[in-house]
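What follows is one structure encoded as structure tokens, with my remarks underneath.
Bear in mind that the values in this text are calculations on the coordinates, not laboratory data. This structure is a prediction, so every number in the text was calculated from the model and none was measured. Cβ placement follows ideal geometry from the backbone for every residue including glycine, while neighbour counts extend to all protein chains displayed.
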């Protein structure tokens, strides 16, 4: 017999974590028309008219409202595009992002 010792190979599998999610938050202001906010929500976040109206009213009453939750890159892109849409029309519409707990 030979003196060779065989040991089984183990494959190291890297642990893959899910990316942290970020909330897109609509910040209320007293100057942007409600209809415009609903239109931006429908266009950028692909939500229906009723849900967009609910988000807008919640932000109006409470000051802020979470619109949606995405990965960081998508959340920042959508928030920037939605804020830019308001700025292009001369409104101070603002969307922010923050990490979800």
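Is it the case that the range 65-73 has a residue that's more than 17 Å from residue 94 (Cβ to Cβ) and buried (at least 17 other Cβ atoms within 10 Å of the Cβ)?
Yes, there is a match, as at least one residue in the range 65-73 is more than 17 Å from residue 94 (Cβ to Cβ) and buried (at least 17 other Cβ atoms within 10 Å of the Cβ).
What are the pairs, 6+ residues apart or on separate chains, where a residue within the range 53-66 that is touching a residue at least 12 places away in the same chain (Cβ under 8 Å) has its Cβ under 7 Å from a residue that is assigned to a helix (DSSP H, G or I) and surrounded by 14 or more Cβ atoms within 10 Å (Cβ to Cβ)?
53/38; 55/41; 56/37; 56/38; 56/41; 65/55; 65/58; 65/59
Condition first: under 15 Å from residue 87 (Cα atoms) and in a loop (DSSP other than H, G, I, E, B). Can you find one or more residues in the range 17-25 that meet it?
no
Pull up the range 79-101, narrow it to residues that are assigned to a helix (DSSP H, G or I) and out of contact with any strand residue (DSSP E or B) (no Cβ under 6 Å at 6 or more places or on another chain), then point me to the one that is nearest to residue 19 (Cα to Cα).
80
For the condition farther than 18 Å from residue 100 by Cα, outside any helix (DSSP H, G or I) and touching a strand residue (DSSP E or B) at 6+ places or on another chain (Cβ under 9 Å), what is the one hit in 47, 57?
One residue alone meets the criteria, 47.
Take residue 96 and tell me if it is crowded, with 18+ Cβ neighbours inside 10 Å and either at positive phi or in contact with a helix residue (DSSP H, G or I) (Cβ under 7 Å, 6 or more places away or on another chain) (or both).
Judged against the criteria, residue 96 is not a match.
Enumerate the pairs (first residue in the range 13-38 and surrounded by 10 or more Cβ atoms within 10 Å (Cβ to Cβ); second residue anywhere and in a loop (DSSP other than H, G, I, E, B)) with beta-carbon separation below 6 Å, excluding pairs fewer than 6 apart on the same chain, so at least 6 apart or on different chains.
21/100; 23/100; 28/63; 29/92; 32/91; 32/93
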